[in-house]
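Accompanying notes for the structure given below.
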Amino acid sequence: PSRFDTKCPWRPRGCRVPLSIGRDPDEVYAFVSNPENLPKWAPAFCKSVRKSGAEWIVETPDGPVKIRFIARNEFHVADHYVSPGPGVEFYVPMRVLANGSGGSELILTLFHLSSMSDEQFQRDVDMVTRDLSTLKRVLEK
């Protein structure tokens, strides 16, 4: 059985995808909050990333999107916004928490948008789950 809650019965709100990582929360937060690291841990979403002025442009399987993270903070909040086009922006909350044993719990929330079918939403959840598995492998090397 998977450690991830990949079936989200409480549609249409969203799905929290948790991940335990055997690394210090400061290290996990520093890694995931740096957009330059996206291709290393989110390959299903991000093929490459580049900075263009004050914005980050991510090349995805569906084409370029803009991404912006909130300012770095002491609370390990790595919320970010994904903009696939002008006037469209999706909020993606992400937190890194200390788990009490020297490791971290990362929690990423995906929202089921009214414009998404159940199948599209489940594909997004599956993609994020795969990418978070990659993150765990990368950080626990």
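The values are calculated or read from the model by the stated rules, or taken from the named source; none is laboratory data. Just so it is clear, the model here is predicted, and its values are computed rather than measured. Please note: Cβ atoms are built from the backbone with ideal geometry, for glycine as well, and neighbour counts cover all protein chains shown. The area values use the complete protein model at the heavy-atom level, side chains included, leaving out ligands, DNA and RNA. Shrake-Rupley method; radii C 1.70, N 1.55, O 1.52, S 1.80 Å.
General remarks:
- Prolate/oblate/rounded call for the range 59-141, Cα gyration tensor, a/c under 1.5 rounded: prolate
- Two-site FRET efficiency, residue 99 against residue 127, from Cβ-Cβ distance with R₀ of 22 Å, rounded to 0.05: 0.35
- Note on the chain: Rg/Rh from Cα positions, Kirkwood definition for Rh, rounded to two decimals, is 0.94.
- Total lysine pairs under 22 Å (Cα atoms) in the chain, excluding pairs fewer than 8 apart on one chain: 9
- Extension gain, residue 75-residue 20: 0.36 nm per intervening residue step, less the Cα-Cα distance, totals 18.0 nm.
- Inter-centroid distance (Cα atoms) of the range 33-84 relative to the range 107-122, Å: 19
- Separation in nanometres of the label points that stand 7 Å from Cα toward Cβ, at residue 115 and residue 88: 0.4
- Farthest positive-ward along the range 48-141 dipole, Cα basis, beta-carbon charges - from 111, 125, 80: 80
- Averaged over its residues, the range 49-113 has an accessible area of 56 Å² per residue, based on protein heavy atoms and a 1.4 Å probe.
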